[in-house]
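Worksheet: one structure, shown below.
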Amino acid sequence: MSTGLAAVLFVVSLAATLYAAAVFAERLDHLGERLGLPEGLLGLLTAAGADAPELATAIAALATGAKSAGFGVVVGSNVFNIGAMIGVSALVCGNVRIQRDALALEGGVALGITLVVVLLVFGVLPAWAAVTLALLLLIPYAAVALRRELGARRHPEGVDMRAVLLIPPALTVIVLGSIGMVHTGLRLGHAAGVPNVLVGVLVLAVVTSLPNAYTGIRLGRARRGAALVSETMNSNTINLVGGLAIPALFVTVAGGSGLERADGIWLLVATAIALVLLAPRRGMGRAGGMLLVASWIAFAAVQGIFGS
């Protein structure tokens, strides 16, 4: 495949994936609202829809043997999500607020899952132990969250079946488009002499995270802080478990380079900082949002300096 053809196919795959992801996320969000689901579950549904390109791209990269690119997509997407979803929302809206008990639940699980996967990537935990620990965190979280959320469930409205029928084809386009982006993105990276990890962290991670960024900022502008934080943390958890922990049962995902290990620590620290900034009763203000955005910019700069 020529470089020119690869570039065209990359753009086509990207456009198709982002459009399908927007349809997927919007339809899931619409379905959740019609069913009367509360903010936390709406955030989870939106995360599942907007997260599809990141997850499919990471799995496609690992399946093709591009381990460092798959790792880069997951970690790069998660760092980008924190800055673009929570950070930019705080900058645009001036404030992101969430109740402390909800923050403890959402953030505690996200931080725990991040630590487990970082230990997996470092080779400290075997894959089976990482998946087991993740389930030990996720099953109680699901039970507590479901009980909390059902108590706040609104009266359901009629469901538009056309919304449901659009979900399967949108998901199919997301998967196929993600596979196309991985193959063409790696081809372009090789032609330019860019390592796979940089293709994953700085290119594939960012472009596949755009649906998440869009939906996150939309929730922030609507002053739906609980749904915004839930979507961000659940999105990152889905990435880590579905994009690294579970695939590690079948393929090697442990980071071999010092940069990959540093990226894992950076994600862990960025998650902790976001939770600390959200903890005050007044929520996170513009200064906190600026810090999260600056964190991603610094992360990207480090990749460019030390990853080439």
Projected onto the charge dipole of the stretch 180-288 (+1 at Lys/Arg Cβ, -1 at Asp/Glu Cβ, origin at the Cα centre), which of 236, 249, 262 gives the Cα projection farthest towards the positive end? 236
Across the stretch 174-185, in residue order, what do the Karplus-derived ³J(HN,Hα) couplings come to in whole Hz, using 6.51 cos²θ - 1.76 cosθ + 1.60 with θ = phi - 60° and x for Gly and Pro? 4, 5, 5, x, 5, 4, x, 5, 4, 4, 6, x
Expected output is a single nm value to one decimal: the length gained when fully extending between residue 122 and residue 281, i.e. 0.36 nm times separation in residues minus the C-alpha distance. What is it? 53.7 nm
Using per-residue counts of other Cβ atoms within 10 Å, averaged over each peptide, order 261-269, 114-122 from highest down. 114-122, 261-269
In what sequence do 98, 305 fall when counting other Cβ within 10 Å, fewest first? 305, 98
Sorted peptide list for 200-213, 230-243, criterion being average Cβ within 10 angstrom, highest first: 230-243, 200-213
The stretch 65-96-the stretch 287-308 distance, computed between alpha-carbon centres (Å): 11 Å
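Bear in mind that the values in this text are calculations on the coordinates, not laboratory data. Predicted model only: the values in this text are computed from it and were never measured. Because the Cβ atoms are built from the backbone with ideal geometry, glycine has one as well, and the counts that use them run over all protein chains shown.
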